[in-house]
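Heads up: the structure comes next, in structure tokens.
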2 protein chains.
Amino acid sequence: MEMLNFTVGPVKSSDEIRKIGGNQVPYFRTPEFSDVMKENEQLMLKFMKAPMNARAVFLTGSGTAAMEAAVINTLTENDKALVVNGGSFGQRFVDLLGLHHIPYTEINPESGKGVQAYQLEPFKKQGYTAFLVNIHETSTGVLHDYRLIGDFCRENGLFLIIDAISSFLADELDMASCHADVILTGSQKALACPPGVSILALSERAVDRIKNIPTKCMYLDLKDALKNAERGQTPFTPAVGVLLQINARLRQIRRDGGVEKETERIHALAQYFREQIKKLPFEIVSESLSNAVTPLHPKTASAYDIFTILKDEYGIWVCPNGGAMKDSVFRVGHIGDLSFKDYDKLLNALKDMQRKGMI
Amino acid sequence: MEMLNFTVGPVKSSDEIRKIGGNQVPYFRTPEFSDVMKENEQLMLKFMKAPMNARAVFLTGSGTAAMEAAVINTLTENDKALVVNGGSFGQRFVDLLGLHHIPYTEINPESGKGVQAYQLEPFKKQGYTAFLVNIHETSTGVLHDYRLIGDFCRENGLFLIIDAISSFLADELDMASCHADVILTGSQKALACPPGVSILALSERAVDRIKNIPTKCMYLDLKDALKNAERGQTPFTPAVGVLLQINARLRQIRRDGGVEKETERIHALAQYFREQIKKLPFEIVSESLSNAVTPLHPKTASAYDIFTILKDEYGIWVCPNGGAMKDSVFRVGHIGDLSFKDYDKLLNALKDMQRKGMI
């Protein structure tokens, strides 16, 4: 039985993308592969609405590799950073800043809510130089307002790093208009390719910072990645197969009407599910939802038990939470090659569990 | 046309492995995936002939990620390292030691030769604490004697790090008998899976070092990787698909007679090719060959031109060299799902080029 996948990654790939995964992986130090990588860079920048002279690089690694690459390649001990910590990915940025000795102050949003203007107010003209935010805190399903944050950063001259790992393509995002300097994402979220590649879009200001900051980690060195990307290559053997799948997926999005169309499609699935789930004993625990995921608190059962029962008895993966939220929250994703019919199957499974007294 | 692939990675995968690449990638924070990862660890340790209490971890990244992880997690500024520098991968170890402020001395083997006993002699009882070697320097096709180096390290109490990226499975290797502390390899060499995963086998002594050395890079932190591996997991989203392919491949090797059988198979292909190539205007430029690859100097044409002609006119990839060797050396690999018939095709292409006066 093929499992139905409503997690937030790895997600379900389209047949076209899946098929490429079944091909032999080609040798890559060739002009042919360079052309693919140059197109990948162009299309990523286009879909992120990147400003003039922006660049994009592809790392073989998880989203955390891109988060750490952003921190060590664009910030130094002379920076003073603001970081939104609203869950486990916010905490990861905090940990990275601490590990690499970059001074920072945390902003802790209210539970279930995005960062509010009043929470930014105290940090005006206080010598801050940088701002880091997981624009969609995937662990809690809270989407922050990228325009609010972008305006604050522009007005105060802050260097803005946006982790859009689970938000890119799912939610509206405009790198140029919000003056972001770094936006990062991964292959296994709304790009709906296998995991293994993370991507950073870099403004001209980010590229300048990178060129002037000494290398801390060879594997995550963006100077080297940028230099190699000029000829459509990477410093080390990349996940060639995934990069070919990303290429096909970016072309697919372009062919099907562009990034707005893809965001609309994901939005429609999310809306449909959120409307239907009202009839069941669940509470949506975010007041600021991303289209990528719906975080649910089951009122009548353990969240982790529901995850296990759906997996073992219905052939359905939803996304469990870890740590303190393990029993109180699970998440249903809306990214990947999913259809309304797929949601009907999930909703029917939950209704069946209700009939059987499991929820 | 399907290209014939004689590079040293990514190499040709078997149909069984390729097919898995065409499946949907499953969600991985599950007991089912943990079981796969625990078996991956066991089989890797078995095939490396690892000593008691050794561990293995899987990083999502290239071989360089594993090289850097080894350097920063097991060595400190208080070490004094010997490093064999016989080509671009030796140079990479040297660069990593420099970047991370670990004192080192280079050993430069003679061109085309492995490290000799006389070259180790001067470093006895000189306060050295660690030894790093690319046991097969892939760039030049020179295989070093792991027994000679292992004995030297054991007698002098050195911590031994072996990069066996392109040598694992292709050449005899015995982690326990040579007292190696770290052995690293990658998914896309003789494991013949897509690129994206590198693997480190760690002796008990290596695990102790890792536990006591402060974290320098979150993404490459082996403390965290070891802790997560206890429950068959990884700290960050790994290349799940490649890890499933590695599992199938390790089981395939076990089923087909174990690592010795696989090494014999690769050896037979290498011997066949080396016997046949004598009839053509090429010189084998290594006196200490690995079974993984044959480095060739074409006496009558540019090596890079031969690479390009084989690619564009015959549908065959051989492995070009970079830098100073670009025009003088190319390499023919013997790893991956190759047959004697495949070598006949390559040899016939070269004979055809000879007839046409191209070589």
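Each value in this text was obtained by applying a stated rule to the coordinates, not by laboratory testing. For clarity, every value in this text was computed on a predicted model and none was experimentally measured. Positions of Cβ are backbone-derived with ideal geometry, glycine not excepted, and every protein chain shown enters the neighbour counts.
Descriptive notes on the structure:
- Across the copies of the chain, residue A:77 has label points (7 Å from Cα along Cα→Cβ) spaced 1.0 nm apart, shortest distance listed first.
- Relative contact order computed over segment B:206-338 (Cα-Cα under 8 Å; 6+ residues apart), in percent: 16
- Cα point-scatterer Debye curve for segment A:69-135, base-10 log of I(q)/I(0) at q = 0.13 Å⁻¹: -0.34
- Gaussian network model of chain B, Cα within-10 Å springs - most flexible of B:126, B:245, B:271: B:126
- Of the three principal axes defined by the Cα atoms of segment A:134-284, the extents in descending order read 55, 42, 28 Å.
- Cβ-vector label at 7 Å, residue A:308, separations to other copies in nm: 6.2
- Considering only chain B, percent of DSSP beta bridges that pair antiparallel, nearest 5: 55
- FRET efficiency, residue B:231 to residue B:276 (Cβ-Cβ, R0 35 Å, nearest 0.05): 0.10
- Shape box of segment B:25-143 [Cα atoms, principal axes, largest first, Å]: 52, 32, 28
- Projected label points at residue B:352 and residue B:15, each 7 Å from Cα along the beta carbon direction, are separated by 2.5 nanometres.
- Axis-proximal residue of chain A for the rotation onto chain B, reported as residue and distance in whole Å: A:22, 1, based on Cβ position.
- When both segment B:49-98 and segment A:200-274 are represented by their alpha-carbon centers, they are found 28 Å apart.
- Based on DSSP H segments of at least four residues, each scored -39500 (n - 2.57), the protein assembly as shown has a per-residue ellipticity at 222 nm of -12500 deg cm²/dmol.
- Its Cα centre serving as origin, segment A:1-112 has a Cβ charge dipole (Lys and Arg +1, Asp and Glu -1) of approximately 220 debye.
- Both radii come from the Cα set of segment B:159-203: Rg as radius of gyration, Rh as Kirkwood radius; their ratio Rg/Rh reads 0.97.
- With label points defined 7 Å past Cα in the direction of Cβ, position residue B:155 shows copy-to-copy spacings of 7.3 nm, given to one decimal and shortest first.
- Rg and Dmax of segment B:105-163, based on Cα coordinates, read 11.0, 31 Å.
- The residues packed around residue A:20, meaning those with a beta-carbon under 12 Å from its beta-carbon, carry a net charge of +3 if Lys and Arg are +1 and Asp and Glu are -1.
- Shape parameters for chain B, alpha-carbon atoms, Rg then Dmax in Å: 20.3, 63
- The distance separating the Cα centre of segment B:302-357 from that of segment A:288-314 comes to 54 Å.
- Approximate spin-label separation residue A:211-residue A:125, in nm, with each point projected 7 Å along Cα-to-Cβ: 3.4
- Computed label-point distance, nm, for sites residue B:46 and residue B:176 using a 7 Å Cα→Cβ extension: 1.4
- GluC sites (Glu not before Pro) lying in DSSP loop within segment A:15-117, provided at most 10 other Cβ fall within 10 Å: A:77
- Measuring spread by the Cα atoms of segment B:229-315 yields a radius of gyration and Dmax of 19.1, 57 Å.
- Across all directions, the average projected area of the convex hull around the alpha carbons of the protein assembly as shown is 30.5 nm².
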